[in-house]
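The values are calculated or read from the model by the stated rules, or taken from the named source; none is laboratory data. Note that the structure is a prediction, hence the values are computed from the model and not measured. We place every Cβ from the backbone using ideal geometry, glycine too, and count neighbours over all the protein chains shown. These area figures cover heavy atoms from the full protein model, side chains too; ligands, DNA and RNA do not enter into them. Shrake-Rupley method; radii C 1.70, N 1.55, O 1.52, S 1.80 Å.
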Amino acid sequence: MDARVKPFEEKMQKAYDFLLNDYQTIRAGRANPHVLDKLKVDYYGTPTPIQQVGNITVPEARMIQIAPWEKSLIREIEKAIMASDIGITPSNDGSVIRLVFPELTEERRKDLVKDVKKKGEEAKVAVRNIRREANDSFKKLAKTEVSEDEIKDLEDSAQKLTDKFIKDIDKAIEEKSKEILTV
């Protein structure tokens, strides 16, 4: 691959990776510790990810258990979970916090699938914007030392990359939608 196309491929890869990370935070009826990824706890005045202040386990298919390393953090962790958009009320027994995930209703599943598709479309738009940015930069090269055929080849490379990432995004949308709709 041409070195002039490589930076745009990296940008497309980042857009795709961002989408996949976003999908990990969408809960699909089963307990997934990644729903806690964006949550921060006030740890001695510093916002700290929950994963760094306790041990997170999934003892059952629909339960996450958080065992803080310091008992004093239980209240802070509960406060962070309540303030988040997870939609689950934590319960604690003084030493661990449990999050029990209820079964998703049919309507909630359909809403989640819509959200998955929307995020997928946003990722596709990002990839297409990167392609446009690439093509613009190739056209600027035409004013200097590069032939029209070379520009055409670079644009073709950018289009092939775009097609590849759009296909990957479609596949990710389909897989996540299927995961959510599976009861």
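Descriptive notes on the structure:
- Counting heavy atoms of the protein chains alone, PHE8 has an accessible area of about 20 Å² for a 1.4 Å probe.
- Computed extension length for ASP149-GLU10: 47.6 nm, one decimal, from 0.36 nm per residue of separation with the Cα-Cα distance subtracted.
- Its DSSP H runs of at least 4 residues, each contributing -39,500 (n - 2.57), put the calculated 222 nm mean residue ellipticity of the chain at -19500 deg cm²/dmol, to the nearest 500.
- Distance in nm between pseudo-label sites at ASP156 and GLU106 (7 Å out along the Cβ direction from Cα): 5.1 nm
- With the simple spin-label model, which puts each label point 7 Å out from Cα in the Cβ direction, the ASP136 to ILE56 separation comes to 3.7 nm.
- Taking every protein chain into account, the accessible area of the stretch 49-93 amounts to 57 square angstrom per residue (probe 1.4 Å).
- Legend: calculated FRET efficiency, ASP163 to SER84, from the Cβ-Cβ distance at R0 = 22 Å, rounded to 0.05, equals 0.05.
- Evaluated with a Cβ-only charge set (Lys, Arg +1; Asp, Glu -1), the chain carries a dipole of roughly 340 debye about its Cα centre, given to the nearest 20.
- Share of carbon and sulfur in the accessible heavy-atom surface of the chain [1.4 Å probe, %]: 51 percent
- Taking Cα extents along the principal axes in Å as calculated from this structure, the corresponding entry among [x] 62, 39, 33; [y] 155, 39, 23; [z] 71, 41, 22 is [z].
- Pairs beyond 29 Å (Cα-Cα), from LYS79/LYS178; LYS140/LYS171; LYS6/LYS114; LYS38/LYS176; LYS11/LYS178; LYS6/LYS167: LYS79/LYS178; LYS140/LYS171; LYS6/LYS114
- Where GluC sites (Glu not before Pro) fall in DSSP loop in the stretch 95-182, at most 13 other Cβ within 10 Å: GLU103, GLU145
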